[in-house]
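Reading through the structure tokens given below for one structure.
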Amino acid sequence: MNTLVELSSVSYKYDNIIALENISLTIKEGELILLTGPNGCGKSTLFKLLNGLVFPSSGKYFFAGQEITPKLLKDNLSAKKFHQQIGYVFQNPDLQLFNPTVYDEIAFGPRQMQFDEDKIRERTDSLLCFLHIEHLRDRVPYHLSGGEKKKVSIAAVLALNPDIIMMDEPLNGLDKKARKWVENFIIDFSAAGKTMLIASHEEEIFTMQNRRTVQLDENHQLVL
């Protein structure tokens, strides 16, 4: 399997406070990685760094062999290519959903990438069908239930067909039915050979087969 993500001795500080300390991690294509650790250990910061929202204070981050730096992501074409390769499903869908309809939410990413409108329509309709949310097509995302918002968030991420999907506490705030749907999505998507990185405290997620668990401790370091 090819290496998709490589962190080499990465540390990150904000306001002189350590959030990540000497993190070295490799993720290969097709892996299901479960990221765990106590609150405040740096899981969310690690997700931000992997998504290019913050950059290492020291050490290096490579994605598909390319070092991810502020200079690289200042280039519009390079930034578009990078962000198309990584899908990030937020813990709170309300921070992710902002378009007037579910259709527009799913179509937003491809539109930003300037896809042809016919291709956007085809891909959006396909995802609505794939996730069984056709009935939500013209609904306002803000008015949906927690489980429905999660499905729309996932659809919006899948719209760009990313190389890796990152999900931050994907079961948080969901009822039993919605939790089961998300668990099945993770299992099925991973079984299809997709690369996934899941941050969670939920015990049921950590019983999934064919997964590798990565743990951060209270010192913001990886537990070997």
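The values are calculated or read from the model by the stated rules, or taken from the named source; none is laboratory data. Remember, predicted model here, so these are calculated numbers, not experimental data. Cβ sites come from the backbone with ideal geometry, for glycine too, and all protein chains shown count toward neighbours. These area figures cover heavy atoms from the full protein model, side chains too; ligands, DNA and RNA do not enter into them. Shrake-Rupley method; radii C 1.70, N 1.55, O 1.52, S 1.80 Å.
Sorted into 5 angstrom bins from 0, the C-alpha pair distances of segment 155-200 split as 5, 20, 29, 30, 13, 3 percent. Given R0 = 22 Å, the distance between the Cβ atoms of residue 218 and residue 44 translates into a calculated FRET efficiency of 0.90.
Check each of the chymotrypsin sites (Phe, Trp or Tyr not before Pro) in segment 30-124 and keep only those in coil by DSSP with at most 13 other C-beta atoms within 10 angstrom; list them in order.
98
Taking the Cα centre of segment 11-60 as origin and assigning +1 to Lys and Arg Cβ atoms and -1 to Asp and Glu Cβ atoms, the resulting dipole is close to 60 debye. Rg and Dmax of segment 107-150, based on Cα coordinates, read 11.4, 31 Å.
For the residue pairs 13/194; 28/80; 48/151; 60/180, the C-alpha atoms sit more than 25 angstrom apart in 13/194; 60/180. Sorted from longest to shortest, the spans of the Cα atoms of segment 94-224 along the three principal axes equal 48, 29, 28 Å. Packing, taken as the mean count of other beta carbons within 10 Å per residue, orders the peptides 181-188, 155-162 from highest to lowest as 155-162, 181-188.
Amide H contacts for residue 89 (H built 1.01 Å from N in the peptide plane; partners 5 or more residues away or on another chain; cut-off under 5 Å): 166, 167, 168. Find the accessible area per residue for the chain; the probe is 1.4 Å, ligands and nucleic acids are left out, and the unit is Å². In whole numbers, the chain has 52 Å² accessible per residue.
Using a Debye calculation, one point per C-alpha and no hydration shell, please list log10 I(q)/I(0) for the chain at q = 0.15, 0.17 Å⁻¹ in order. Once normalised to I(0) and log-transformed, intensities are -1.04, -1.31.
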